[in-house]
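The values are calculated or read from the model by the stated rules, or taken from the named source; none is laboratory data. All values derive from a computational prediction rather than experimental measurement. We place every Cβ from the backbone using ideal geometry, glycine too, and count neighbours over all the protein chains shown.
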């Protein structure tokens with residue numbers, strides 16, 4: 001079994017893993033690179049393999065960094081099946097159509113700016129893909145994978161199991177003549193406020209595992225809930241707007257459910273809640289159909305015919321005109337809007353109107369890249385550049401880090417705890433985090449290697465001989481890591 005990773009190798013984004021199993025080639029995920037300019041430039045590179053030679057594609061889940069290059073794959077010649085679970089297929093449609101819209105809108109904005117500067121149109125990079133490309137990719141989806149049921153994919157026995165990361169997320173057991181392999185995809189936090197835990201895996205020969213938070217443990221859920229409650233109470237006392245930047249899938253649904261729970265219990269006042277994210281509103285509908293993946297209290301609410309994601313004061317905001325009218329609302333209110341890192345979306349409009357007011361509260365529930373707008377705010381910037389203006393930062397900023405949907409070190413070790421003594425291959429992590437995880441594995445009697453970027457490794461053979469690429473150290477990193485793929 002040979003693996004080449006063309007994304008999420010030595011980084012936490014752009015997941016794309018090519019498996020060669022005898023004369024068969026399977027692509028596991030086809031994600032978009034997100035982050036700095038250098039990473040995002042990789043989205044425009046040609047694929048480093050013959051897309052027409054692929055025997056199949058399997059998606060582990062619907063986050064953009066796992067599905068976002070699928071329209072490009074089809075645009076460049078792939079015509080085979082794309083296998084996934086039914087929830088992943090539904091969410092992939094929402095994610096890819098939104099991605100295409102944002103790319104086209106961004107291209108038009110850049111084109112207008114270039115023309116004002118006297119530049120030629122061909123100096124502006126075109127969108128990676130447009131809506132018609134997305135529809136061609138969606139036509140190839142085969143949502144036939146079911147947790148716990150073995151399917152034949154290109155002559156390989158594949159059994160998906162619940163990964164507990166987001167709705168429909170799966171890890172994959174692949175059974176071949178050369179051995180049994182687990183591809184983890186993204187694994188969930190076992191203290192999630194929404195998703196059921198991942199299913200313990202069987203014993204296997206090799207595991208390719210994500211390592212986003214392999215160097216740390218998350219704050220316990222009760223502590224996170226208490227911190228969120230206290231931030232809301234304090235914010236309501238200030239009397240201004242409460243801004244919560246949030247990603248559309250999983251994070252928004254978790255926050256909505258948590259708000260409903262706290263309000264119904266009388267632990268926070270029932271003030272208006274504005275969901276200002278059409279994509280999040282569309283994604284939330286899928287949680288009704290696939291509620292069997294959710295924690296018992298959410299399932300019980302659904303079975304009783306109630307909406308677990310609708311606080312009694314919720315208002316869904318469908319249009320940009322209505323979004324702008326929220327800022328004229330008098331009195332305290334919670335505004336939940338995308339995107340989670342504040343790098344775009346409707347949240348920027350609300351920040352422009354309220355960030356300079358001392359009565360405003362900004363509750364940050366997602367990781368913020370240091371170079372992003374959100375990163376500058378949470379690290380104490382006095383002013384930020386926002387929508388062409390310099391805006392003073394006078395709002396009270398609350399940072400709550402326990403809402404992560406990714407497995408931490410304890411979760412990863414629990415996952416490996418039932419997998420026997422496999423060879424463990426590390427992907428989807430920053431180099432220092434993966435290097436710090438290797439001695440942890442060794443202390444538990446497991447051999448670990450870091451999958452190098454774009455270089456082939458034999459998963460059940462000697463593998464990458466150095467155990468890690470040159471330049472890696474065992475020095476433990478400090479500080480928070482990004483919540484990749486959100």
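Here are some notes:
- Residue 128 vs. criteria over 22 Å from the mean Cα position of the chain (by Cα), modelled with pLDDT of 95 or more and buried (at least 18 other Cβ atoms within 10 Å of the Cβ): no
- In a residue-by-residue description of the stretch 180-197, the property of being more than 26 Å from residue 95 (Cα to Cα) and surrounded by fewer than 18 Cβ atoms within 10 Å (Cβ to Cβ) applies to no position.
- Selected residue [assigned to a loop (DSSP other than H, G, I, E, B) and either crowded, with 22+ Cβ neighbours inside 10 Å or within 17 Å of the chain's Cα centre (by Cα) (or both)] from 403, 415: 403
- Residues that are assigned to a loop (DSSP other than H, G, I, E, B), crowded, with 22+ Cβ neighbours inside 10 Å, in contact with a strand residue (DSSP E or B) (Cβ under 7 Å, 6 or more places away or on another chain) and modelled with pLDDT under 95 do not occur anywhere in the stretch 463-479.
- Within the stretch 236-249, residues that are on the phi > 0 side of the Ramachandran plot and without any contact (Cβ under 8 Å) to a residue 40 or more places away in the chain have Cβ atoms under 7 Å from residues that are surrounded by fewer than 18 Cβ atoms within 10 Å (Cβ to Cβ) and part of a loop (DSSP other than H, G, I, E, B) in no pair, counting only partners at least 6 apart in sequence or on another chain.
- Matching residues in the stretch 90-104 - criterion: being in contact (Cβ under 8 Å) with a residue 60 or more places away in the chain and either surrounded by fewer than 24 Cβ atoms within 10 Å (Cβ to Cβ) or under 15 Å from residue 339 (Cα atoms) (or both): 90, 94, 95, 98, 99, 102
- Just one of the listed residues (197, 186, 230) is within 30 Å of residue 301 (Cβ to Cβ) and assigned by TED's automatic domain parsing to the domain that holds residue 293, and it is 230.
- Residues in the stretch 143-170 that are in a strand (DSSP E or B) and under 24 Å from residue 280 (Cα atoms) were compared, and the one that is nearest to the chain's Cα centre (by Cα) is 170.
Every residue, every condition in (1) without any contact (Cβ under 8 Å) to a residue 60 or more places away in the chain; (2) under 16 Å from the mean Cα position of the chain (by Cα); (3) closer than 20 Å to residue 76 by Cβ, yes or no:
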| residue | (1), (2), (3) |
| --- | --- |
| 3 | no, no, no |
| 16 | yes, yes, yes |
| 21 | no, no, no |
| 35 | no, yes, no |
| 46 | yes, no, yes |
| 51 | yes, no, yes |
| 56 | no, no, yes |
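- Residues that are modelled with pLDDT of 95 or more and within 18 Å of residue 169 (Cα to Cα) within the stretch 27-54 comprise 27, 28, 29, 30, 31, listed in sequence order.
- Some residue of the stretch 225-236 being in a loop (DSSP other than H, G, I, E, B) and over 24 Å from residue 147 (Cα atoms): no
- Every residue from the stretch 55-72 that is buried (at least 23 other Cβ atoms within 10 Å of the Cβ) and modelled with pLDDT of 95 or more: 57, 58, 59, 60, 61, 62, 66, 67, 68, 69, 70, 71
- Restricting 22, 77 to residues that are in contact with a helix residue (DSSP H, G or I) (Cβ under 9 Å, 6 or more places away or on another chain), assigned by TED's automatic domain parsing to the domain that holds residue 204 and on the phi > 0 side of the Ramachandran plot narrows the list to 77.
- Filtered residues of the stretch 389-399 (kept if part of a loop (DSSP other than H, G, I, E, B) and buried (at least 18 other Cβ atoms within 10 Å of the Cβ)): 393, 395
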